[in-house]
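Q: Before anything else, here's the structure in question.
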Amino acid sequence: MTLSTLDWVIVVGFLLLTLAIGVAVSRRAGKNTDEFFLSGRTMPWWLLGMSMVATTFSTDTPNLVTDIVRQNGVAGNWSWWAFLLTGMLTVFVYAKLWRRSGVMTDIEFYELRYSGKSAAFLRGFRALYLGLVFNVMAMSGVCLAAMKIGEVMFGMGSLQTILIASIVTVIFSSLGGFRGVVLTDCVLFVTALIGATAAAYYALGHESVGGLAGLVSNDSLQHSFKILPDASNKALFVEALVIPLSVQWWASWYPGAEPGGGGYIAQRMLAAKSAKHAVGATLFFNVAHYALRPWPWIIVALCSMMVFPLDSPSERVAAESALKSAPLNAQVKDWANDPALVSPEVRQQIETLKIKARGLSTLRKAYQDVNFDKFGHDLAYPAMLTTLPSGWLGIVVASLVAAYMSTISTHLNWGASYAVHDFYKRFARPEATEKEQVWAGRAFTVLLMVLSAALALALTNAKQLFDIIIMFGAGTGLVFLLRWFWWRINAWTEIAGMVASGLTSLAVTFGSVNGETLGDTFGIWKFPFVVAATTVVWLLVTWLTPTTEMAVLKNFYAKTHPGGPGWQPVIEALSEDSDGLPQGSAGLGAGIVCMLLGCVMVYSALFASGFWLYGRYTWAAGSTLVVVLAGMAIAALWQSMSIEGDEMV
């Protein structure tokens, strides 16, 4: 596909604008670490909210949604829609607590909440574990999506694509710091939203689709339109709906949806000018992320199933059976061990059968030059963009670049803040000056980009990485929720949970019994198993290890005022001090009620959008009414949540 002169003007103009923003704020960003990583804690709610939305609007997200919809229908998206519960809990309970804490990063929180060498170790280890390992994994998924888009739309190699995509991002991220990232995110947010909407509009206009009416009336897609999984498909119903809503949302750590808030979401809450602005930012984010953005991606994914139909179930079963046949199965194992052991003819036969078993024959026929190890359902999204007209193509390409840059720039600045503030300054060079720390942050920015690009070259598809991250953090989420409300949680609790989750996940993923992997043995219950095993371990360790020093607990409670019955020993100790307890209500009860109302409001908005598109107007009107009523109830309870700070303006 070739970009016209108009397309190139749009794309290059967009890149120059982002660079100009980075250069314009570079001097202010370089003053000190507070400016470089938190922009002086002066950001308003609407700017931070748009930045959160832009950050999670990455190039891999529409690819992931397409992958899910093509395999499990619209209902499959509950694997990430379920995270709204923890998002709303962050809005109405945790956002104000993070802002009150006054820390620079959520990793610094460990030495505010816990005491002793274990707290120091946890801070240093998590700075590298999250800032480097998990952060690089998350960024590699975004880089992988960029590679696929470059290969499908422009025929560029993976290395060529990632070099072009990364250079501008690294430059403006290292120059402009957090302020540059947030200001640029506003431009990226608008561009990405316009591009996604345009992509959906032209996907509906494809001759194989026949508009929205043609899409909705297609008989072969009726099972894919369902917003809730069909209970008759027990495996999908449990895996896509029951487990995410009952366990996954509170038990798993995932970037952008951390239980209790964390990562780059916490970074933005900490950068807010007040607690109310922190709450407003996270509310804006969750409404836009779950109610506003999914449907353009879903529409493109559904249209792709008409343009690039899946192989029939019988054809897929036949292909799987052929791969499992004795002679070919031996060749498949040889290929996995050493591709050189298999002849080109047999390799081609295996590739063809694997493609058919995954239902990808039509898509593969259209894109035979794409590397086999990068071929998956997620390729259907960039494939649907190749027919866009001149001008709109430039806008959509710019939106994809925007999605890539917003996510990567945030992860780079966030990861660098951990590496510098919580490791380099805290442990390696305590005497480092502010200027030295800013330059160290810029150096870590480049390093993170290089590592992410290298890992992306080894990955296959977006869903693969999503599953790895979800599984590897299973069981730790409850610790992140309870540490604010139960005094007995200590540093060893988090260390035990992290180690147990990692080891159990590795055992389930790679361990085997009698030639069958443990993951296959547990099936859809492998995630709950990891959660249960991890929870048992950290609970035992919590009761067997010493408590956090009472002086540290008293300081933490007095500073953040979380409330709840889990702090009773600390409250009794504080009541005996001359300063006494923090004044006023903690607003915990009202916050939990608003969290539930917020979930009702956003899910109803999500359903209403789908029902309006499907032409089910009675259900659409009813869902819209629920949105209005839930919003009014939240507004009525707003003052009861005890959120200090200036009014949102």
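The values are calculated or read from the model by the stated rules, or taken from the named source; none is laboratory data. What you are looking at is a predicted structure, and each value in this text was computed from that prediction instead of being measured. Glycine also receives a Cβ, built like all others from the backbone with ideal geometry; neighbour counts cover every protein chain displayed.
Q: Name the helices (runs of 4 or more DSSP H) wholly within region 456-534 that hold at least 1 residues that are at pLDDT 90 or above?
A: Hits in region 456-534: 477-482, 491-510.
Q: Go through region 604-644 and count every residue that is touching a Leu at 6+ places or on another chain (Cβ under 9 Å) and of a type in the set (Val, Ile, Thr).
A: Counting residues in region 604-644 that are touching a Leu at 6+ places or on another chain (Cβ under 9 Å) and of a type in the set (Val, Ile, Thr) gives 1.
Q: Mind listing whichever residues of region 207-242 are surrounded by fewer than 18 Cβ atoms within 10 Å (Cβ to Cβ) and modelled with pLDDT under 85?
A: 230, 231, 232, 233, 234, 235
Q: From the list 156, 147, exactly one residue is hydrophobic (A, V, I, L, M, F, W, C), outside any helix (DSSP H, G or I) and assigned by TED's automatic domain parsing to the domain that holds residue 453. Which is it?
A: 156
Q: Pull up region 80-106, narrow it to residues that are outside any helix (DSSP H, G or I) and out of contact with any Leu (no Cβ under 7 Å at 6 or more places or on another chain), then point me to the one that is surrounded by the fewest Cβ atoms within 10 Å (Cβ to Cβ). Before you say what the answer is, go through the steps one by one.
A: Keep residues of region 80-106 that are outside any helix (DSSP H, G or I), which gives 82-83, 102-106.
Narrowing further to those that are out of contact with any Leu (no Cβ under 7 Å at 6 or more places or on another chain): 83, 102, 105-106.
Working: 83: 23, 102: 12, 105: 25, 106: 27.
Per the stated criteria, the residue is 102.
So that you can scan it fast, the table gives a plain yes or no per residue for (1) out of contact with any Lys or Arg (no Cβ under 8 Å at 6 or more places or on another chain); (2) within 23 Å of residue 96 (Cα to Cα); (3) among the hydrophobic types (A, V, I, L, M, F, W, C):
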position	(1), (2), (3)
534	yes, no, no
540	yes, no, yes
545	yes, no, no
557	yes, yes, no
572	yes, no, no
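Quick grid of which residues meet (1) modelled with pLDDT of 80 or more; (2) closer than 14 Å to residue 149 by Cβ; (3) assigned by TED's automatic domain parsing to the domain that holds residue 182:
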{"position": "402", "(1), (2), (3)": "no, yes, yes"}
{"position": "406", "(1), (2), (3)": "no, no, yes"}
{"position": "414", "(1), (2), (3)": "yes, no, yes"}
{"position": "417", "(1), (2), (3)": "yes, no, yes"}
{"position": "420", "(1), (2), (3)": "yes, no, yes"}
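Q: Looking at (1) crowded, with 23+ Cβ neighbours inside 10 Å; (2) aliphatic (A, V, I, L, M); (3) out of contact with any His (no Cβ under 8 Å at 6 or more places or on another chain), which one does residue 52 not meet, given that it meets all the others?
A: Residue 52 satisfies all of (1) crowded, with 23+ Cβ neighbours inside 10 Å; (2) aliphatic (A, V, I, L, M); (3) out of contact with any His (no Cβ under 8 Å at 6 or more places or on another chain) except (3).
Q: Here is a further query. May I ask you to verify whether residue 168 is assigned by TED's automatic domain parsing to the domain that holds residue 43, surrounded by 22 or more Cβ atoms within 10 Å (Cβ to Cβ), over 20 Å from residue 425 (Cβ atoms) and among the aliphatic types (A, V, I, L, M)?
A: So residue 168 does not fit the description; no.
Q: Quick one: would you say residue 142 is in contact (Cβ under 8 Å) with a residue 40 or more places away in the chain and either in contact with a strand residue (DSSP E or B) (Cβ under 6 Å, 6 or more places away or on another chain) or buried (at least 21 other Cβ atoms within 10 Å of the Cβ) (or both)?
A: Spelling it out, residue 142 is indeed in contact (Cβ under 8 Å) with a residue 40 or more places away in the chain and either in contact with a strand residue (DSSP E or B) (Cβ under 6 Å, 6 or more places away or on another chain) or buried (at least 21 other Cβ atoms within 10 Å of the Cβ) (or both).
Q: Quick one: what pairs do we get from region 30-46, first residue in the same structural domain as residue 425 (by TED's automatic domain parsing), second assigned to a loop (DSSP other than H, G, I, E, B) and at pLDDT below 80, C-beta under 6 Å, 6+ apart or different chains?
A: Correct list of pairs: 45/648.
Q: Going through 592, 571 one at a time, which residue ends up being of a type outside the set (Asp, Glu), without any contact (Cβ under 8 Å) to a residue 24 or more places away in the chain, under 30 Å from residue 494 (Cα atoms) and in a helix (DSSP H, G or I)?
A: 571
Q: So is residue 318 modelled with pLDDT under 75 and not in a loop (DSSP other than H, G, I, E, B) or not?
A: no
Q: Still on this structure, please answer the following. For region 212-229, give me the residue count where each residue is of a type outside the set (Lys, Arg) and touching a helix residue (DSSP H, G or I) at 6+ places or on another chain (Cβ under 7 Å).
A: 10
Q: Somewhere in region 188-206, is a residue over 30 Å from residue 14 (Cα atoms), of a type outside the set (D, E, K, R), buried (at least 17 other Cβ atoms within 10 Å of the Cβ) and at pLDDT 90 or above?
A: Among the residues of region 188-206, not one is over 30 Å from residue 14 (Cα atoms), of a type outside the set (D, E, K, R), buried (at least 17 other Cβ atoms within 10 Å of the Cβ) and at pLDDT 90 or above, which makes the answer no.
Q: Do the conditions hold for residue 131, that is, is it in a helix (DSSP H, G or I), farther than 20 Å from residue 560 by Cβ and modelled with pLDDT of 90 or more?
A: no
Q: Residues that are farther than 30 Å from residue 10 by Cα: list the helices (runs of 4 or more DSSP H) wholly contained in region 341-423 that include at least 1 such residues.
A: 344-357, 361-366, 392-417
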